[in-house]
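Comments concern the structure below.
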Amino acid sequence: MGLLLISFIMKWKNSIVFAVIIFFNISAFSQDVSGTIVRVQDGDSFHLHTSDSTYTVRLNGIDCPEINQPFGEDARNFLRQYLSDSVIISLKTVDKYGRSISDVFYKDTLLNFLLVQNGLAWHYKKYSSDTILSNAEAQAKNLRLGLWKGENIVAPWDWRSGNYDQEKFIQNNEAKVFICVGGENTLFHSSSHCKDLSNCNSTVILVFPSEAISAYHKEKCAACFKSK
């Protein structure tokens, strides 16, 4: 069984350049590949493009808030600041979606752990029994760090399934929604994967519901915001 280690260095402002090292069964085979970070999707995933492939890297054992959830953008910005330096990616497995489930290290520190420790991610107990991550989550929750400051805390797996009071988040302006700027799309969405939003031929942005309604004259997408 091979071990994949990817080490890269990024020049953030001018150009994005990485030195990537991949090892499979180190004693028998090694290969150097240059790659580019093409997108930091959210707090627990990013895309790395090489000359012959694109890796979708998903941080192992954690689940960050979705990008439109409270603290979702904070989690992405937290991860992004570390990707502006040298990190090491240790591949654990590849999931059914083809994502590289990985531990990501900055120097000697596990970024997966840092995100949980700072209240920017949950320990993903469905897929991980790591006691260090579990203890980090308990401590962050006890100290009310990051997302644990909130009153209406929704785990990202419930957010993705719509298993929360969506109307409350709209009324309280607590989470952002996706809208298509321009074109004929007249709705705002809770999911970036909504079929209606996929037809957008313009720019998709995140705004608070109040702005979507007052500034962009959008209405709630019935497919995204299902009645309970």
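Net charge dipole, the stretch 82-168: roughly 100 debye, given to the nearest 20, about the Cα centre with Cβ charges of +1 for Lys and Arg and -1 for Asp and Glu. Please compute the Kirkwood hydrodynamic radius of the stretch 165-220 from all pairs of different C-alpha atoms, in Å with one decimal. When all Cα pairs of the stretch 165-220 are included, the Kirkwood radius is 11.1 Å. Extending 7 Å from Cα along the Cβ direction at Asp196 and again at Ser90 yields two label points whose distance is 4.6 nm.
For the stretch 182-228, the set of GluC sites (Glu not before Pro) satisfying both a DSSP loop assignment and a count of at most 16 other C-beta atoms within 10 Å is given as Glu184.
Among Tyr124, Tyr164, the order by Cβ neighbours within 10 angstrom, fewest to most, reads Tyr164, Tyr124.
The residues Asp63, Asp52, when put in order of fewest to most other Cβ atoms within 10 Å, stand as Asp52, Asp63. Ranked by the mean number of other Cβ atoms within 10 Å per residue, highest first, peptides 168-174, 75-81 order as 75-81, 168-174.
Loop-located GluC sites (Glu not before Pro) across the stretch 73-154 with a Cβ neighbour count of 15 or fewer within 10 Å are Glu151, with loop assigned by DSSP.
Annotation: aspartates and glutamates with alpha-carbon distance below 19 angstrom to Lys107 (same-chain offsets under eight excluded): Asp44, Asp85.
Counting Lys and Arg as +1 and Asp and Glu as -1, each charge on the Cβ, what is the dipole of the stretch 165-220 about the Cα centre in debye, to the nearest 20?
Values: 5 positive and 7 negative charges, 17 e Å.
The calculation lands at about 80 debye.
Every number in this text was worked out from the coordinates using simple rules, so none of it is lab data. Keep in mind it's a predicted model, so treat the numbers as computed, not measured. We place every Cβ from the backbone using ideal geometry, glycine too, and count neighbours over all the protein chains shown.
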